[in-house]
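One structure is given here, and the rest of the page talks about it.
The values are calculated or read from the model by the stated rules, or taken from the named source; none is laboratory data. Treat the numbers as computed from the prediction; the structure is a model and nothing was measured. Here the Cβ positions follow ideal geometry from the backbone for every residue, glycine too, while neighbour counts run over all protein chains shown. When the accessible area is computed, the model is the full protein with side chains, heavy atoms only, and any ligands, DNA or RNA have been set aside. Shrake-Rupley method; radii C 1.70, N 1.55, O 1.52, S 1.80 Å.
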Amino acid sequence: MLAAESEALSPFNVKRVVVLLCMIMATTRLAAAFSASATSSSSATMNIAKLQQMEETVRRYFQGVNDKDPSMIASCFGDAAKIYDVCALRRNDNDTASSGSSSSCHGKLVPSTALVRRCMDFVAAHPDCCVDFYYGPECGRSEPHWVVAHWYETGTWSGSSCNLAPNYEPMAVEGQTRFLVNPETLHIEELVVTRTFTEWEKALLLQQQSSEQDDE
């Protein structure tokens with residue numbers, strides 16, 4: 001009995017107990033760290049999935065142009081979107097993109113119905129138009145999450161649109177657009193556009209300017 005107690009309290013057994021306790025503590029800490037890492041990884045995965053959904057909204061917008069589908073285009077917007085047209089054909093543009101829009105140095109708020117209508121005016125003039133990408137659409141990984149697309153568009157002005165007769169000449173334009181997509185609704189809320197323009201768009205501007213002069 002005394003021998004057993006003496007063995008149990010020997011320095012060797014005390015060291016074994018200390019080592020065992022250290023191993024248990026280390027294992028517990030490792031498990032906690034792994035759990036936290038797994039949670040963080042899961043959260044990151046969810047964030048990436050959301051960013052990909054935002055990119056998909058922008059892809060659907062361009063696909064709507066390619067498919068000449070107004071419903072698909074409209075599904076990418078809420079009631080309105082704010083447009084910052086960096087390369088506008090005219091600076092004091094109160095109506096060219098939409099009727100009933102409000103314009104300011106902070107961008108122009110455009111009703112989605114008017115935005116879709118203008119898209120359909122464009123594809124009516126260029127029924128074979130096709131949009132493709134040099135880059136993107138890709139969503140930034142930092143706030144705010146802008147979706148960037150560097151796109152180009154080809155086709156022919158072969159259709160009559162907005163009372164403008166076609167010239168049957170090929171067209172090729174390109175640009176870069178940044179889209180601010182609401183992560184909850186997945187609707188495009190803002191667009192910053194830098195682009196070139198087609199001959200139809202230039203002719204449409206001249207038509208509108210002439211009409212404004214006649215009204216005066």
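Numbers below:
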quantity: Accessible area of M72 in the full protein assembly, 1.4 Å probe (Å², nearest 10); calculated: 50 Å²
quantity: Residue-level accessible surface for C87, protein heavy atoms, 1.4 Å, Å²; calculated: 50 Å²
quantity: Accessible surface of D128 - all protein chains present, 1.4 Å probe, nearest 10 Å²; calculated: 80 Å²
quantity: Added length on full extension, which subtracts the Cα-Cα distance from 0.36 nm per residue, N182 to R141; calculated: 13.3 nm
quantity: Per DSSP, loop trypsin sites (Lys or Arg not before Pro) in region 106-213 with at most 14 further Cβ within 10 Å; calculated: R141
quantity: Point-to-point label distance, R117-K68, nm (Cα→Cβ direction, 7 Å offset); calculated: 2.0 nm
quantity: Where region 121-216 is the region considered: accessible area per residue in Å², 1.4 Å probe; calculated: 53 Å²
quantity: Probe 1.4 Å, all protein chains present, accessible-area order of T113, T185, T198, largest first; calculated: T113, T185, T198
quantity: Protein-only accessible surface order, largest first, of T177, T194 at 1.4 Å; calculated: T194, T177
quantity: 17 Å cut-off, amide nitrogen to a point 7 angstrom out along D79 Cα→Cβ, residues in region 161-205; calculated: 182, 185-190
quantity: Sites Q209 and N167 - FRET efficiency at Förster radius 22 Å, r taken between beta-carbons, to 0.05; calculated: 0.70
quantity: List I48, I83, I73, ordered by accessible area with a 1.4 Å probe, largest first; calculated: I48, I83, I73
quantity: Simple spin-label estimate for V193 and A124 in nanometres, 7 Å along Cα-Cβ; calculated: 1.7 nm
